[in-house]
2 protein chains.
Amino acid sequence: MVSPLNNRRVVLAARPVGAPDANGFRFEDGAIPPLAEGRILLRILYLSLDPYMRGRMSAARSYAQPVEIGALMEGGTVAIVVESRNPDFLPGDIVLSYSGWQSYAISDGTGVSKLDQAVAPISTALGVLGMPGFTAYAGLLTIGRPQPQETVVVAAACGPVGSAVGQIARIHGARAVGIVGGSEKLAFVRDELKFDVVVDRRSPDFADQLRQACPHGIDVYFENVGGMVWDAVFPLLNKFARIPVCGLVAEYNSVGPPPGPDRLPVAMREILTKSLTIRGFIQHEFADQQPEFYRKMSAWVADGRVHYREDVVDGLERAPGAFIGMLEGRNFGKLLVRVSEV
Amino acid sequence: MVSPLNNRRVVLAARPVGAPDANGFRFEDGAIPPLAEGRILLRILYLSLDPYMRGRMSAARSYAQPVEIGALMEGGTVAIVVESRNPDFLPGDIVLSYSGWQSYAISDGTGVSKLDQAVAPISTALGVLGMPGFTAYAGLLTIGRPQPQETVVVAAACGPVGSAVGQIARIHGARAVGIVGGSEKLAFVRDELKFDVVVDRRSPDFADQLRQACPHGIDVYFENVGGMVWDAVFPLLNKFARIPVCGLVAEYNSVGPPPGPDRLPVAMREILTKSLTIRGFIQHEFADQQPEFYRKMSAWVADGRVHYREDVVDGLERAPGAFIGMLEGRNFGKLLVRVSEV
């Protein structure tokens, strides 16, 4: 059986130097081949856009292989099964998959999991109940270990990781201090996410504001941005502070060695004299906590203790532009591309 | 009763800018006051000289208060009780105390502990069985957690901390790679301390030699020096490597912000992509492990599994010069001043 459907794909056209632009991506159309025994045909509903994808576009070794030039851009997706020759899936099933930037995908079912639509909207499988939420949960609770009354600081506080970090910290009795870029995001994190204090990193007196927001210092700094927020945070860290590091989006587009002064010796001296712990991680290290996370986070979302916000862009053709904007902080909440309607 | 004894003291004369020189220290002589009830008079036998003392000479906040200008230089000491009005001590007792750079001290017994001369030479209470040995033991085993066959790298490998780190690593089945400055130290660490490989950081091809010494990468880097050794070590770190940080002696004399490039972003990227753990510490955090350390380390020294080397300088008047030389790496083993003979 030959499917009459056209599959539109976004491939990596060129490795960006610095910030990616539209030339980094190319659209390709192609017929979908017949479905072999054991396979399923997925129509993508939502594509997740995440900062880690910038790393995949570069040739440098990272925690994962880079995407090859001309290859499909990778990414997490929510999809619907439209055709199945695999007994584990039925047409109409909604699944979480890692199908990348395309409108259709064929899979043998490996790494594809069915979603329970009764728990929460299906898009949350890419956000608050998915990889970003789990990054926040595992990094904060396993590495950050916030204690009641302690102060937890997180940047990109209205993004999918940062928003979950602050809200989980509060559930565990800690004070949540969020850092955002812009007054609209500030109001959202303060009023909707109920962080204890929110500071705008674009304020001229940002460092002073952060100090005032943390009168008892900082016990956990959840590092998901890098860049100059670090310089304001570091002097405020308390003895035995913990710094889970899950991302450095502010630096992903940087080119060449940054100018001086060299900030490493000062950082190392603080690490030494304050007995700090800095720990990089990627969420799949903590995969054994995934069921517990899903159970707890679903309940927190259901009972309103955890709020989330999605920034949904319609149409695969808008994925490159939305991705480029995200690296500049232009998204407002978890960034998703609605590739097709259910 | 007035003691006829003269007490010679070394006080901080001026806060050094950069490397300290002789002008940083001043000798003062004074009579020893009569011994009040409950007090003991100690004659200092050995004064320990340690890199952390450089930090105490500066006004900058560190993990301890700075020494005031005109105040006695602090330091660990082994002493003999020459007079006692305290029922817990008898004349002739050999004790560990924190009496500083002077020839005599009066104490009420707080923080003074009697040494068992049968275990090992009394000077070891300031080295392999004392603070430096315990720094190595606690930092390596609690933070570094070397597993059999893993590679442990340590700099200043013939110093009191580094030499213990490598030997304890080997006892736990790991490979020990030492970094030293100079061929004489290299031969000692290789032939006497039995490290698996030793590399001279003064070699023009030091980074290449270190890479060859670590064909399976580095799992634990015990950071006790800082400076440029880091740059050779960092690219060789394995995923999930651990970096206990107990000292940064190479940087203690640095003045002002170091020139670029800024090495922090590269370090943070490695921390993220390799899931590294960096943890600063000071040994007294782990005080509950002290009895276990003392029992095990005494046994290892007694059965020859742990060797140590002392660099003993005679006479308190030579303490400033010896201390200045230590910061330049001129000592060869644990640096001690023999203030008086038993």
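With respect to B:Val95, determine if the residue is over 30 Å from B:Arg15 (Cβ atoms), of a type in the set (Val, Ile, Thr), crowded, with 22+ Cβ neighbours inside 10 Å and touching a residue at least 40 places away in the same chain (Cβ under 8 Å).
Numbers: over 30 Å from B:Arg15 (Cβ atoms): yes; of a type in the set (Val, Ile, Thr): yes; crowded, with 22+ Cβ neighbours inside 10 Å: yes; touching a residue at least 40 places away in the same chain (Cβ under 8 Å): yes.
Yes, satisfied.
Taking region B:27-40 as the range and being buried (at least 16 other Cβ atoms within 10 Å of the Cβ) and assigned to a strand (DSSP E or B) as the test, only B:Ile40 passes.
Has region A:150-157 got at least one residue that is in the same structural domain as A:Ile218 (by TED's automatic domain parsing), more than 14 Å from A:Ala241 (Cα to Cα) and free of Cβ contacts under 8 Å to residues at least 60 places away in the same chain? Yes; the residues of region A:150-157 include at least one that is in the same structural domain as A:Ile218 (by TED's automatic domain parsing), more than 14 Å from A:Ala241 (Cα to Cα) and free of Cβ contacts under 8 Å to residues at least 60 places away in the same chain. Listed by position, the strands (runs of 3 or more DSSP E) contained in region A:266-342 that have at least 3 residues being under 14 Å from the mean Cα position of the chain (by Cα) are A:334-338. In region A:224-249, the residues that are hydroxyl-bearing (Ser, Thr, Tyr) form no Cβ pair under 8 Å with any partner that is assigned to a loop (DSSP other than H, G, I, E, B), whether six or more places apart or across chains. Pairs meeting the criteria (first residue in region B:20-45 and among the small types (Gly, Ala, Ser), second residue in a helix (DSSP H, G or I), beta carbons under 7 Å, at least 6 apart or on different chains) are B:Ala22/B:Pro320.
Among the listed residues A:Pro146, A:Pro261, A:Pro160, which satisfies the condition of being assigned by TED's automatic domain parsing to the domain that holds A:Ile278, out of contact with any helix residue (DSSP H, G or I) (no Cβ under 8 Å at 6 or more places or on another chain) and at negative phi? I'd like the intermediate steps shown before the answer.
Working: A:Pro146 fails: out of contact with any helix residue (DSSP H, G or I) (no Cβ under 8 Å at 6 or more places or on another chain); A:Pro160 fails: out of contact with any helix residue (DSSP H, G or I) (no Cβ under 8 Å at 6 or more places or on another chain).
One residue alone meets the criteria, A:Pro261.
Within region A:198-255, the residues that satisfy the criterion of being in contact with a Gly (Cβ under 9 Å, 6 or more places away or on another chain), over 18 Å from A:Arg175 (Cα atoms) and among the charged types (D, E, K, R) are A:Arg201, A:Arg202, A:Glu251. The residue of region A:105-129 that is nearest to A:Gly178 (Cα to Cα), among those that are of a type outside the set (Val, Ile, Thr) and surrounded by 22 or more Cβ atoms within 10 Å (Cβ to Cβ), is A:Gly127.
Among the residues of region A:298-316, count how many are surrounded by fewer than 14 Cβ atoms within 10 Å (Cβ to Cβ), within 23 Å of A:Thr77 (Cβ to Cβ) and acidic (Asp, Glu).
Step one: of region A:298-316, the residues surrounded by fewer than 14 Cβ atoms within 10 Å (Cβ to Cβ) are A:299, A:302-304, A:312, A:314-315.
From what's left, within 23 Å of A:Thr77 (Cβ to Cβ): A:312, A:314-315.
Narrowing further to those that are acidic (Asp, Glu): A:314.
Total meeting the criteria: 1.
Residues of region B:103-140 being among the hydroxyl-bearing types (Ser, Thr, Tyr) and closer than 16 Å to B:His284 by Cβ, which ones?
To start, the set of residues in region B:103-140 that are among the hydroxyl-bearing types (Ser, Thr, Tyr) comprises B:103-104, B:107, B:110, B:113, B:123-124, B:135, B:137.
Correct list: B:Thr110, B:Ser113, B:Thr135, B:Tyr137.
Selection of region B:258-284 for residues being more than 7 Å from every other protein chain (Cβ to nearest Cβ) and surrounded by fewer than 20 Cβ atoms within 10 Å (Cβ to Cβ) yields B:Val266, B:Glu270, B:His284. Restricting the search to region B:150-186, which residues are among the charged types (D, E, K, R) and over 15 Å from B:Gly329 (Cα atoms)? Once the filter is applied, which keeps residues that are among the charged types (D, E, K, R) and over 15 Å from B:Gly329 (Cα atoms), region B:150-186 yields B:Glu150, B:Arg170, B:Arg175.
Pick from B:Asn238, B:Asn253: which is more than 10 Å from every other protein chain (Cβ to nearest Cβ), among the polar types (S, T, N, Q), touching a strand residue (DSSP E or B) at 6+ places or on another chain (Cβ under 6 Å) and surrounded by fewer than 19 Cβ atoms within 10 Å (Cβ to Cβ)? Show your work before the answer.
On the way: B:Asn253 fails: touching a strand residue (DSSP E or B) at 6+ places or on another chain (Cβ under 6 Å).
B:Asn238 is the lone residue from the list that is more than 10 Å from every other protein chain (Cβ to nearest Cβ), among the polar types (S, T, N, Q), touching a strand residue (DSSP E or B) at 6+ places or on another chain (Cβ under 6 Å) and surrounded by fewer than 19 Cβ atoms within 10 Å (Cβ to Cβ).
The values are calculated or read from the model by the stated rules, or taken from the named source; none is laboratory data. What you are looking at is a predicted structure, and each value in this text was computed from that prediction instead of being measured. Note that each Cβ is placed from the backbone with ideal geometry, even for glycine, and that neighbours are counted across all protein chains shown.
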